[in-house]
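Working notes, beginning with the structure itself.
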Amino acid sequence: MEAAAAALSAGRLVVVPTETVYGLAADPMAAGATDRVFAAKRRPRELTLPILVADVEQARGVAALDSRAEALAAAFWPGALTIVTRRRGASSSWDLGAQRGSIGVRLPDHPVALSLLRRSGPLAVTSANVSGEPTALDCDGVLRDIGDHVAIALCWGPIPRGRSSTVVDVTGTEVQVLREGEISSAAIRAVAEGAPEGLG
């Protein structure tokens, strides 16, 4: 784990398990690291990279969580919910792709991912596969696909094929579900609509 954190801070890529999929992780503060993610995956830069965090405090340091975002985080984190909100703090200068004004953050529900995030701080993490191709369910498959680009792989056996994380956008006046995954749109709206107005 310490070697993985050191590799990330040096701008290298690490494979990390989450509860939804194996992810390809980079330190967004390390020069050129996110460029390596786009190159390894052959991912279009229009598909902005999401950020994983170890806890809500880390999220508040990089994302402007209003009352709706705070309520969603309290209800569904750790878990398969990515919240898209305005950037704040250090993330304002991160190169995560074409979208510069907003950021997608998620607190995963996996002990290995959380242990790494506590050491490294927030990480840009996306599925560990070539864009447009299925993501392997085990570490051997991931390394066959993109192993040439990876410094260290934190392997945790096969990950059951489940649904992707739900992605919800709270940057506007209306909460928008951009992708329905593990958490239903109805559950999202029930929590968001019950949140008080204003900043959390």
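The values are calculated or read from the model by the stated rules, or taken from the named source; none is laboratory data. On a predicted model such as this, the values are computed, not experimentally measured, just so you know. As a convention, Cβ positions derive from the backbone with ideal geometry for all residues, glycine included, and neighbour counts pool all protein chains shown.
Observations on the model:
- For the range 1-47, filtered to residues that are buried (at least 19 other Cβ atoms within 10 Å of the Cβ) and hydroxyl-bearing (Ser, Thr, Tyr), the residue that is modelled with the lowest pLDDT is Thr20.
- In the range 27-43, the residues that are within 17 Å of Leu117 (Cα to Cα) reach residues that are at pLDDT below 95 and of a type in the set (A, V, I, L, M) with C-beta atoms within less than 9 angstrom, at least six apart or across chains, in these pairs: Pro28/Ala90; Met29/Ala90.
- Screening the range 95-109 for residues that are at pLDDT 95 or above and surrounded by fewer than 20 Cβ atoms within 10 Å (Cβ to Cβ) and picking the one that is nearest to the chain's Cα centre (by Cα) gives Asp109.
- Selection from the range 1-57 of residues that are charged (D, E, K, R), over 18 Å from Asp145 (Cα atoms) and part of a loop (DSSP other than H, G, I, E, B): Glu19, Asp27, Arg45, Glu46, Asp55
- Residue within the range 45-54 that is of a type outside the set (A, V, I, L, M, F, W, C), within 18 Å of Val130 (Cβ to Cβ) and more than 12 Å from the chain's Cα centre (by Cα) present: yes
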